[in-house]
Amino acid sequence: MTRPVATFSIVACDLDADQWGVAVASKFLAVGSVVPWAEPQVGAVATQAYANPRYGPDGLAALREGLGAEEVVARLTLSDDGRDERQVGVVDARGRGASFTGSACLDWAGGRTGECYAAQGNLLVSGETVDALAASFEATGGTPLAERLVEALAAAQLAGGDRRGQQSAALLVVERDGGYASMTDILVDLRVDDHAQPIAELQRLYRIHDRLFGRTPRDQWLPVDDALRQELSGRLSALGYDGDLAAQLDAWAGTENLEERLDGTDALDPVLVDALRAA
């Protein structure tokens, strides 16, 4: 018998940032390998309960054709004889959300939609879990999409979560050319496959990811005057890095995986400067 992907998830987008994503948690091994699907400027899908994994690629294909979220859900479920046991959430390119819960999904099961999101869950302690997903997302506008999604999971877990307990969690966020070296659309792809506190671990991983790959607005970078140049060069020399400041920073940032935070030496990302001072 197929084991249900009993879970709670939120599918969402930030149209101003041109980002789409999914966050999910479950008492299920490696939930991130089944539930979340997203494509920039197209939309995002979460497929769960007695999950039909084809809902992911097929849903994105339908979104790519220009169908809206509700139309995509209808296409996926109407053609599926197992629809009564499925649950799916979709957000389209315009930020419209749709959620479907089959009549045979295990209690508590249901979903909520709003501007730029669809939240859903099954086998939950109560509907308060889904309410918390929605409330958290609605209350955190103006912060990065990835952060909003992770915090929504944390709020949902506090509200009850999966009634069987915790095991895995995942976060997927996409943006056209927004990922590593601007050569991938995957902005964030983090998975906790088997952990006693997977959401807390996902939060920890996201903090590391944001430190390494996050973006500080350029107008907040620190101009490198003579005093800062001398300080940083001295710190780098003490750590064993020789040469001029540019060479020192390049070598050190590469060692610490902070090269995405470095762009010349006229001005520096404060996150990079803080990391060097901590070192």
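The values are calculated or read from the model by the stated rules, or taken from the named source; none is laboratory data. Small disclaimer: the values here were computed from a predicted structure and weren't measured. Please note: Cβ atoms are built from the backbone with ideal geometry, for glycine as well, and neighbour counts cover all protein chains shown. Note: accessible area is taken over every heavy atom of the protein model, side chains too, but ligands, DNA and RNA are not part of it. Shrake-Rupley method; radii C 1.70, N 1.55, O 1.52, S 1.80 Å.
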task = Give just the number: which of (1) open to solvent by 30 Å² or more (accessible area, probe 1.4 Å); (2) more than 18 Å from the chain's Cα centre (by Cα) does GLU147 not satisfy?
result = (2)
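Scanning for something open to solvent by less than 40 Å² (accessible area, probe 1.4 Å), assigned to a strand (DSSP E or B) and closer than 30 Å to PHE28 by Cβ, does region 191-200 turn up at least one residue?
Within region 191-200, the subset open to solvent by less than 40 Å² (accessible area, probe 1.4 Å) is 192, 198-199.
Those still in the list that are assigned to a strand (DSSP E or B) too: 192.
With the extra rule that they be closer than 30 Å to PHE28 by Cβ, the set shrinks to 192.
For region 191-200, residues open to solvent by less than 40 Å² (accessible area, probe 1.4 Å), assigned to a strand (DSSP E or B) and closer than 30 Å to PHE28 by Cβ: present.
Taking the conditions exactly as written (in a helix (DSSP H, G or I) and either among the hydroxyl-bearing types (Ser, Thr, Tyr) or open to solvent by 60 Å² or more (accessible area, probe 1.4 Å) (or both)), does ASP219 satisfy them or not? Break it down stepwise before answering.
Working: in a helix (DSSP H, G or I): yes; either among the hydroxyl-bearing types (Ser, Thr, Tyr) or open to solvent by 60 Å² or more (accessible area, probe 1.4 Å) (or both): yes.
So ASP219 fits the description; yes.
If I ask for residues that are part of a helix (DSSP H, G or I), open to solvent by 70 Å² or more (accessible area, probe 1.4 Å) and not charged (D, E, K, R), which ones from region 228-244 would you list?
Going through region 228-244, the residues part of a helix (DSSP H, G or I) turn out to be 228-238.
Narrowing the set further to residues that are open to solvent by 70 Å² or more (accessible area, probe 1.4 Å) leaves 229-230, 235, 238.
Listed by number, the residues that qualify are GLN230, ALA238.
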remark   = Flagged pairs (Cβ under 8 angstrom, 6 or more apart or on separate chains; first in region 141-152, more than 11 Å from ALA12 (Cβ to Cβ) and of a type in the set (A, V, I, L, M); second in a helix (DSSP H, G or I) and modelled with pLDDT of 95 or more) are VAL150/ILE199; VAL150/LEU202; VAL150/GLN203; VAL150/TYR206
key: region 19-45 residues that are without any contact (Cβ under 8 Å) to a residue 60 or more places away in the chain and under 18 Å from ALA62 (Cα atoms), paired with ones that are part of a loop (DSSP other than H, G, I, E, B) and not polar (S, T, N, Q) (beta carbon under 6 Å, 6 or more apart)   = VAL42/ALA93; GLY43/ALA93
request  = Sort out which residues of region 151-171 are touching a strand residue (DSSP E or B) at 6+ places or on another chain (Cβ under 6 Å) and under 19 Å from CYS116 (Cα atoms), and write them in order of number.
outcome  = ALA152, LEU153, ALA156, LEU171
